Amino acid sequence: MPTQTFNVNGQTVNVDAPDDMALLWVLRDKLGITGPKYGCGINVCKACTCHVDGKAVTACSTRVGEVRGRSVTTIEGLANGNTLHPVQQAWLDRDVPQCGFCQPGQIMAAAALLKRTRNPSDAEIDAIENVCRCGTYGRIREAIKAAAAMMP
Ligand code: FES
Ligand code: FES
């Protein structure tokens with residue numbers, strides 16, 4: 001079995017896994033990083049959203065062989081030490097989560113959006129496809145706007 005070497009949340013990791021194993025299973029089952037959630041496994045719900053080289057991807061539909069030598073960030077690595085990312089802070093301030101299951105993916109999608117554009121339009125926020133069965137979309141939109149105002 002090949003050894004996959006890549007960076008996760010600032011640390012280099014070496015994992016024995018076949019190239020076509022889903023990144024989600026490598027993160028959750030081999031590395032114990034459980035922030036990215038399993039919802040559908042088919043690139044629909046986006047609960048598994050994390051970043052590869054700063055861009056949002058769904059870990060269930062990304063093969064570990066595709067991230068060799070690249071940098072993966074999960075919700076566990078989004079804060080800067082003890083300082084929360086503005087999106088995390090805005091989520092707390094607005095009390096966004098309900099059950100919480102979709103929220104790591106929501107936050108990672110929002111952080112990637114704000115990395116691309118500091119002042120996202122409603123249409124750009126609505127283009128985030130992460131599903132929330134609890135219907136927290138209104139608070140998510142408010143929190144993204146609040147986070148945008150807090151971005152350094
Ligand atoms: S679990 Fe990855 S998109 Fe649903
Ligand atoms: S907070 Fe429950 S699914 Fe989104």
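The values are calculated or read from the model by the stated rules, or taken from the named source; none is laboratory data. All of these numbers come straight from a predicted model, not from anything done at the bench. Don't worry about glycine lacking a Cβ; one is built from the backbone with ideal geometry, like all the others, and counts go over all protein chains shown. Calculation scope for accessible area: heavy atoms of the full protein, side chains included, ligands and nucleic acids excluded. Shrake-Rupley method; radii C 1.70, N 1.55, O 1.52, S 1.80 Å.
At a glance:
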{"quantity": "Residue count, the stretch 10-45 (criterion: within 13 Å of residue 67 (Cα to Cα) and touching a residue at least 60 places away in the same chain (Cβ under 8 Å))", "calculated": "0"}
{"quantity": "Among (1) touching a strand residue (DSSP E or B) at 6+ places or on another chain (Cβ under 9 Å); (2) at pLDDT 95 or above - the single one residue 1 does not satisfy", "calculated": "(2)"}
{"quantity": "Scope the stretch 120-143; condition part of a helix (DSSP H, G or I) and closer than 17 Å to residue 88 by Cα; matching residues", "calculated": "125, 137, 138, 139, 140, 141, 142, 143"}
{"quantity": "Test for residue 100: is it in a loop (DSSP other than H, G, I, E, B) and under 23 Å from residue 24 (Cβ atoms)", "calculated": "yes"}
{"quantity": "Residue 49 being within 16 Å of ligand 2 (Cβ to nearest atom), under 12 Å from the mean Cα position of the chain (by Cα) and in contact (Cβ under 8 Å) with a residue 60 or more places away in the chain", "calculated": "yes"}
{"quantity": "Which listed residue, of 87, 96, 57, is away from ligand 2 (no atom under 16 Å from the Cβ) and either open to solvent by less than 30 Å² (accessible area, probe 1.4 Å) or of a type outside the set (Gly, Ala, Ser) (or both)", "calculated": "57"}
{"quantity": "Filtered residues of the stretch 128-144 (kept if within 9 Å of ligand 2 (Cβ to nearest atom), open to solvent by 50 Å² or more (accessible area, probe 1.4 Å) and touching a residue at least 40 places away in the same chain (Cβ under 8 Å))", "calculated": "131"}
{"quantity": "All positions within the stretch 63-97 that are in a loop (DSSP other than H, G, I, E, B), aliphatic (A, V, I, L, M) and touching a residue at least 12 places away in the same chain (Cβ under 8 Å)", "calculated": "78, 96"}
{"quantity": "Any chance residue 114 is open to solvent by less than 30 Å² (accessible area, probe 1.4 Å), in a helix (DSSP H, G or I) and under 24 Å from residue 145 (Cβ atoms)", "calculated": "yes"}
{"quantity": "Scope the stretch 60-84; condition open to solvent by less than 60 Å² (accessible area, probe 1.4 Å), away from ligand 1 (no atom under 16 Å from the Cβ) and over 9 Å from the mean Cα position of the chain (by Cα); matching residues", "calculated": "65, 71, 77, 79"}
